[in-house]
Every structure is written in structure tokens, then in C-alpha cells.
């Protein structure tokens, strides 16, 4: 899998980009449609369980983030200039849409004074249990606060992953999955419903960090030429079937394991029919726009309910509106802002940075 060219790595990332769309839609439907479907007696139980497990799309994002960052920046984040490049690239990718999504919730929220400020700095989920009264206008933004913490840790973890042996990387993945299975950490959003008392005051970014580290280690193992003798479509099928069978909080541990499997297989299996299908242009574009889709889900939902009503048929409009709106934002705001920020410091992106 290891490639010496940005073009080769970008080709490998295309199917992984497409998967983001499905993960984002799983979270969107979980937030705004799964509870309605779950009380529909005509809906098959496996569909209800699958939709109610949509929150594990966040687990998928965290694992995928570690995997893609290691694939993109392995050996390229050592010097001060390289760290600066990484920081600017991540800021340009993350913040413009994030800021817009926060501001879009302004009409639907109540001000809390200084407690509103940390969300603009991506710090609002670093303090557990709202101990300092920090707020989040846009609820899904908690994942970006966690992701920001991951970005700060990445340069050190990435370099550390490169120098340790493959056996130790596998052991770390096993330890991370075991921690997840025991604590159900990858199901944690807040600290109010946790498995153990010590988790109650542990910052959420620390509880979710194992998922990110697992992604980094899986990418490093794959970059060293190790192969899994499992077709990517089987990994995808295992994920869907598994999420259709159980509603336990620990299903997130299963999701973490299968996310590693699926991501590794798709990245390795670039020539398969399944990977080629995921590499189709329209799916890659939807995957690219999935960040806007994910962050704008709450403003769109609130706006439709306020201006058009709360009838189920009306609320269902949020899905096409959200998808079309995310594509518009992707082409006319997200990508232009990303390019504008990079040009301000004279940074010309590499081929692979264009797709991550």
C-alpha cells in the first residue's frame, strides 16, 4: 500500500472519503429520525436497531481521522515548518465550516455570556460535566472539540508510531479495543452516563483518544506492507450486520474493531470492485461534503421546524435540503475558504492534502 507519490496516496484515500458520507448520514438520521422509526411497528427490528446505532458513525470518524492523517503525514511532520504546514492545513480544513455552523445556531439559542466563548476556540468539551458552564450552541460540534485535541497530539503520536515495532502496534490496537469493550468509552458523549466512576471527571477527548490512536496504528501497520486476507466488501457487510443485531452500548467497541478492519481493507483493496465503486466521483464528492453535512444538521433541522412546522413529512425535507446545502457549501464556501487561507501564507497544498 505504501506509495512514494502524493497521487498514489490520494487514489487510496478516495474510497475512504466516500465512506465519510455514509457515516455522516448515519449520525444525522440517528439524531433526527431514528427515534421516530423505532416506534413504528411496521418497521423491521433490524432496521430500527441499525438506525439507533447510528451514533457509532462518530467512532468511525475518529478511527478514520487517525488512519488518514498517518497515511498523509507519516514522516512529514518533524520540523517546525512541517508542523506549521500541518497546523495551517488542519485549520483551513476544520475551522471555516465549523465557525459558520456555530453562527448558524445563533437564532436558535440562548446566550450564556463568557460560557459561550470556548466553543469558538474548540475547547468547550475539554472540561467534563460542564463544570465551568461552557456551552455548545451546535451540539454535534463536540466532536470537533475532541478532534482538535487529537490534532494537537498527532505529531507526537505519529512519530512514536513510526519507530515502534509492528508487534507493538498490534498490541496497542488490542489494548485500545479491550479498553473500549470494558468501558464502552466509544459510546461516551458526555460524562453523565459512564460505566465507571473514574470516567465521570475524565475529559471526553482523553476517553475517545484510543479510537484515534487505533486508527494511527492501523495505518502504520498497513503502510509497512501488511495485508489482511479479507475482501473490503465483507468487512463492510460485517459492520452493517453487526450494527443491525445489538443495541448494547458496547456495540461501539464492535464498531471500532470493524471500522479498523473496513478502513484497512478499503485502503489496501483499491483495485476491487467495491473500492472502485466507492471511488466513483459522485460518492467522493458527497464524502468531501460530508463535513458540512455533519455540522449543519442541527441548524437545518431547527430552521425547518421553526419556519415550516414539525409535521413528519415536513421535517423529512431536512435530508435533501441538508445534502444539497452541504454540496453548495463544499463548492462555494468550504473549498474556496480553504484555498484562501492557504494562499495567505503562500502555502501550496500537495496532491494528497487536497483530498484530506
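Taken over the stretch 175-202, the residue count meeting the criterion of being loosely packed, with under 12 Cβ neighbours inside 10 Å and either part of a helix (DSSP H, G or I) or free of Cβ contacts under 8 Å to residues at least 12 places away in the same chain (or both) is 2. What number goes with the only condition from (1) part of a loop (DSSP other than H, G, I, E, B); (2) under 17 Å from the mean Cα position of the chain (by Cα) that residue 260 does not pass? Residue 260 satisfies all of (1) part of a loop (DSSP other than H, G, I, E, B); (2) under 17 Å from the mean Cα position of the chain (by Cα) except (1). When the stretch 205-219 is filtered for residues that are farther than 14 Å from residue 64 by Cβ and crowded, with 24+ Cβ neighbours inside 10 Å, only 210 remains. Among the conditions (1) under 19 Å from residue 17 (Cα atoms); (2) crowded, with 18+ Cβ neighbours inside 10 Å, residue 327 misses just one, which is (2).
Might you let me know whether the stretch 89-97 holds any residue that is over 29 Å from residue 139 (Cα atoms), at pLDDT below 95 and surrounded by 15 or more Cβ atoms within 10 Å (Cβ to Cβ)? No: the stretch 89-97 contains no residue that is over 29 Å from residue 139 (Cα atoms), at pLDDT below 95 and surrounded by 15 or more Cβ atoms within 10 Å (Cβ to Cβ). In the set (1) at pLDDT below 90; (2) in a helix (DSSP H, G or I); (3) over 20 Å from the mean Cα position of the chain (by Cα), residue 275 fails one condition alone, (3).
Here 122, 144 are screened, and the one residue that is within 18 Å of the chain's Cα centre (by Cα), at positive phi and crowded, with 19+ Cβ neighbours inside 10 Å is 122. A single member of 120, 91 is over 30 Å from residue 223 (Cβ atoms), in a helix (DSSP H, G or I) and touching a residue at least 12 places away in the same chain (Cβ under 8 Å), and it is 120. Residues that are in a helix (DSSP H, G or I), farther than 21 Å from residue 246 by Cβ, touching a helix residue (DSSP H, G or I) at 6+ places or on another chain (Cβ under 6 Å) and at pLDDT 90 or above are absent from the stretch 31-43. Residue 299 satisfies every condition listed in (1) at pLDDT 90 or above; (2) surrounded by fewer than 18 Cβ atoms within 10 Å (Cβ to Cβ); (3) closer than 30 Å to residue 243 by Cα except (2). For residue 103, the conditions (1) more than 22 Å from residue 157 (Cα to Cα); (2) in contact with a helix residue (DSSP H, G or I) (Cβ under 8 Å, 6 or more places away or on another chain); (3) at pLDDT 95 or above all hold with the exception of (2).
The values are calculated or read from the model by the stated rules, or taken from the named source; none is laboratory data. Everything numeric here is computed off the predicted structure, so don't read it as measured data. Note that we place each Cβ from the backbone using ideal geometry, even for glycine, and neighbour counts take in every protein chain shown.
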